Amino acid sequence: MSLPQPTPQPMPPAQPKAHGLLDGKVTLVTAAAGAGIGYATARRCAEEGATIVVSDRHERRLSAAADALTELTGVKPLAVPCDVTSEAQVLALFDAVVEAHGRLDVVVNNAGLGGTAPLAEMTDEQWHAVIDVTLHGTMRCTRAALRQMIAQGSGVIVNNASVIGWRAQRGQAHYAAAKAGVMALTRCAAMEAAEHGVRVNAVAPSLAVHPFLAKVTSEELLAELAAKEAFGRSAEPWEVANVIVFLASDYSSYMTGEVVSVSSQHP
């Protein structure tokens, strides 16, 4: 007797209702402008009761994101422009959060830079650009967050990695190396921070389609990647954000040093 074959889910489910998982928690999200995982995370954290701070290097889009969050929540979030490749700007960002709110409970390190180039043709500039934003930027923000959180004796950091940090993909050597580095950084930081009551975890999304990604990626490639997923579709950015919210909340209080795959494509 053959078992019925599951039918891939063509459409995402309805977004679940908020449950106040982050009530009162001062939460910073980097690269929060635009329509991708960063803004979706800022929005979901706000819906869960967090006091939001948003940052991005694109000031116009950052302002638009802050306005959208204000319309959603009725409270205008602190919005601080920051290029995570600049240590001075990173320090200024974290100083601004603490000055405004007195503490920092959650940091979501979402800033990253992609690109496609065969390794044999890749320039040093292409390699360094991706590594500096994606790995070095995450390190700078994690380091600044740890300094504040260790001093206050609590806090949660959630880094945005990628399944590409586990698996091979053509043209992605720089991005894969950076995301694998983010995973290792997360695990090491977690071991150092645990004794201070600070948790550090990461998410590893596979394919979360948003307008910018659709603009720079061919429909054929997006369809090919979506077909590999268990549900036969890409994730919605808010579906990745929900996992980030869980890791930021007290529901994951015994989790640290973990990289959670938001995908059917495990290592």
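In the chain, the portion of solvent-accessible area held by carbon and sulfur atoms comes to 56 percent [1.4 Å probe, whole percent, DNA, RNA and ligands not counted]. Placing pseudo-labels 7 Å out from each Cα toward the beta carbon at TYR254 and ALA180 gives an inter-label distance of 3.2 nm. Summed over the residues of the chain and divided among them, the accessible surface reaches 49 Å² per residue at a probe radius of 1.4 Å. Under 14 Å from the Cα of LYS25, which aspartates and glutamates turn up, not counting those fewer than eight places away in the same chain? Straight-distance partners of LYS25: GLU47, GLU48, ASP105, ASP250. A simple spin-label model places the labels of ALA129 and ALA100 2.9 nm from each other, with each point 7 Å out along Cα-to-Cβ.
Accessible surface for CYS45 stands near 0 Å², nearest 10, in the context of the full protein assembly shown (1.4 Å probe).
For region 48-128, what is the convex hull volume of its Cα atoms per residue in Å³?
Expressed per residue, the convex hull around the Cα atoms of region 48-128 is 127 Å³.
Kirkwood's formula applied to the C-alpha pairs of region 1-142 gives a hydrodynamic radius of 16.8 angstrom.
Expressed as an acute angle from 0 to 90° and rounded to the nearest 10, what is the orientation of the C-alpha long axis of helix 59-73 relative to the principal long axis of the chain? For 59-73 against the chain, the angle is about 80 degrees.
Note on ASP95: accessible area is roughly 100 Å² with a 1.4 Å probe, heavy atoms of protein only. Within straight-line reach of LYS228, meaning a Cα separation under 18 Å, sit the following aspartates and glutamates at least 8 residues removed in sequence or on another chain: GLU219, GLU220, GLU236, GLU239. Between ALA14 and LEU72, the simple label model (points 7 Å from Cα in the Cβ direction) yields a spacing of 1.9 nm.
Kirkwood hydrodynamic radius (Cα pairs, Å) of the chain?
On the way: mean 1/r = 0.0532 Å⁻¹.
Hydrodynamic radius (Kirkwood, Cα only) of the chain equals 18.8 Å.
Helix 87-101 versus the longest principal axis of the chain: what is the Cα-based angle in degrees, 0 to 90, to the nearest 10? So the helix axis and the longest Cα principal axis differ by about 60 degrees.
Provide the net charge surrounding VAL53, with neighbours chosen by a C-beta distance below 13 Å and charges set as Lys +1, Arg +1, Asp -1, Glu -1. Let's see the in-between values first.
Numbers: positive: LYS25, LYS76, ARG103; negative: ASP56, ASP95, GLU99, ASP105.
The answer is -1.
Could you tell me how many degrees, from 0 to 90 and to the nearest 10, lie between the Cα long axis of helix 173-193 and the main elongation axis, the longest principal axis, of the Cα atoms of the chain? With both axes taken from Cα atoms, the answer is about 40 degrees. Accessible area per residue (1.4 Å probe, heavy atoms of protein chains only) ranks PHE94, PHE246, PHE231 as PHE231, PHE246, PHE94, with the largest value leading. Over the C-alpha trace of region 122-205, radius of gyration and Dmax come out as 13.8, 44 angstrom. Within region 107-197, the trypsin sites (Lys or Arg not before Pro) that combine a DSSP coil assignment with at most 15 other C-beta atoms in a 10 angstrom radius are ARG167, ARG170.
The values are calculated or read from the model by the stated rules, or taken from the named source; none is laboratory data. Everything numeric here is computed off the predicted structure, so don't read it as measured data. Reconstructed Cβ throughout: ideal geometry from the backbone, glycine too, with neighbour counts over all protein chains shown. For the accessible areas, the whole protein counts, side chains as well, though only heavy atoms, and no ligand, DNA or RNA atoms are used. Shrake-Rupley method; radii C 1.70, N 1.55, O 1.52, S 1.80 Å.
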